[in-house]
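The values are calculated or read from the model by the stated rules, or taken from the named source; none is laboratory data. Please read these numbers as outputs of a predicted model, since none were measured by experiment. Cβ placement follows ideal geometry from the backbone for every residue including glycine, while neighbour counts extend to all protein chains displayed.
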Amino acid sequence: MATVSALPLFHLYGDPPDDQAFDFIHIETIASRSSVHDWLIRAHRHRNLFQILLIERGGGEMIFEAASLPFAAPAAILVPPTTAHGFRFHPEVTDGWVVSFTEDVAEALGERSGESLKRLKALAAEPVIPLGSSAEIARLSALCNDLHEESFLAREGFRLAMRGLMALIAIEVARLAASRARTGTVTLTPTDSTVEALRRLVEEHFRKERLISFYAGKLAITPDRLNDHVKRASGVTAGHLIRQRVLTEAKRALVFTGQPIHEISYDLGFADPSHFARFFRKQTGMTPQAFREGRGG
């Protein structure tokens, strides 16, 4: 039976997953990998890699989960781990940098462990960051060039230098992305440990477990207290977080695979396809088939 795992999982694009990757920083030009794939990077995921793209020239279209987002230079793009994404670059004219790093590197960037990674993930809810001035693109371009040189030459102390440059790149991009928060586009609220723990549990169990009581039990809290806490911390209920994770996986299957809709419904733990269809329509306003057809599936 086909499953949603038909959406490829890579380390770097085209390379098999590496669950042992640690303290990993990699940089390459956009053209170096994209040109050999006819400037098309098909939809895929990375298990534990965060990526920052710097678009210096050209542009194209980005697949970000089930959405299609146009982008044009100069811009930065944030891609968090596990997110379905792909790119169709304008051939020959597009270039810039792709910086990839494991989550442990991001966790060490901030003053408090893990806060920088959580902040980058929050900012990546809107992944395309237009760069408004030549100074912004020049600063990031210089940092990427320096990072590439350290990686290529591998001189004494290069690993420490790469971590420092990686931190500067991430800080610069986060500052530019955070500027949108002042207009209300992005809300930068402190992360909450209970919400993060719930998200991890949902990621592990969402195919089979939809009841808040299951997750509350895992977190040693009553369902009502969990719901109230999540609502205060994130603005939505625990049930909403669970439903949205199921919906994300459903959209991935509908857009990125040819899996029959009845199989998708069973893979996601629905009793029957009609139950799945009612759930999907309630969340999106359209049937699974209409969503697939509207996305060109």
Hey, VAL230 on the phi < 0 side of the Ramachandran plot, modelled with pLDDT under 95 and in the same structural domain as LEU117 (by TED's automatic domain parsing) or not: no
Name the single residue, out of those in the stretch 31-49 being of a type in the set (D, E, K, R) and part of a strand (DSSP E or B), that is surrounded by the most Cβ atoms within 10 Å (Cβ to Cβ). ARG45
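Within the stretch 1-20, count every residue that is farther than 20 Å from PHE152 by Cβ and part of a loop (DSSP other than H, G, I, E, B).
Restricting attention to the stretch 1-20, the residues satisfying the condition of being farther than 20 Å from PHE152 by Cβ are 1-10, 14, 16-20.
This time we only want the ones that are part of a loop (DSSP other than H, G, I, E, B), so: 1-3, 7-8, 14, 16-20.
Total satisfying the criteria: 11.
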Report, ordered by the first and then the second residue, all pairs with beta carbons closer than 7 Å, sequence separation of six or more or different chains, a first member in the stretch 162-175 that is in contact (Cβ under 8 Å) with a residue 40 or more places away in the chain and assigned by TED's automatic domain parsing to the domain that holds PRO127, and a second member that is surrounded by 18 or more Cβ atoms within 10 Å (Cβ to Cβ) and acidic (Asp, Glu). MET162/GLU150
Working carefully through the options ILE169, ILE129, find the one that is surrounded by 16 or more Cβ atoms within 10 Å (Cβ to Cβ), touching a helix residue (DSSP H, G or I) at 6+ places or on another chain (Cβ under 7 Å) and over 20 Å from GLU61 (Cα atoms). ILE169
Kindly provide the set of residues from the stretch 210-233 that are closer than 19 Å to GLN283 by Cα and buried (at least 17 other Cβ atoms within 10 Å of the Cβ), ordered by number. ARG210, ILE212
Of the listed residues (ARG245, ARG200), the one being part of a helix (DSSP H, G or I), among the charged types (D, E, K, R), touching a residue at least 40 places away in the same chain (Cβ under 8 Å) and not assigned by TED's automatic domain parsing to the domain that holds SER68 is ARG245
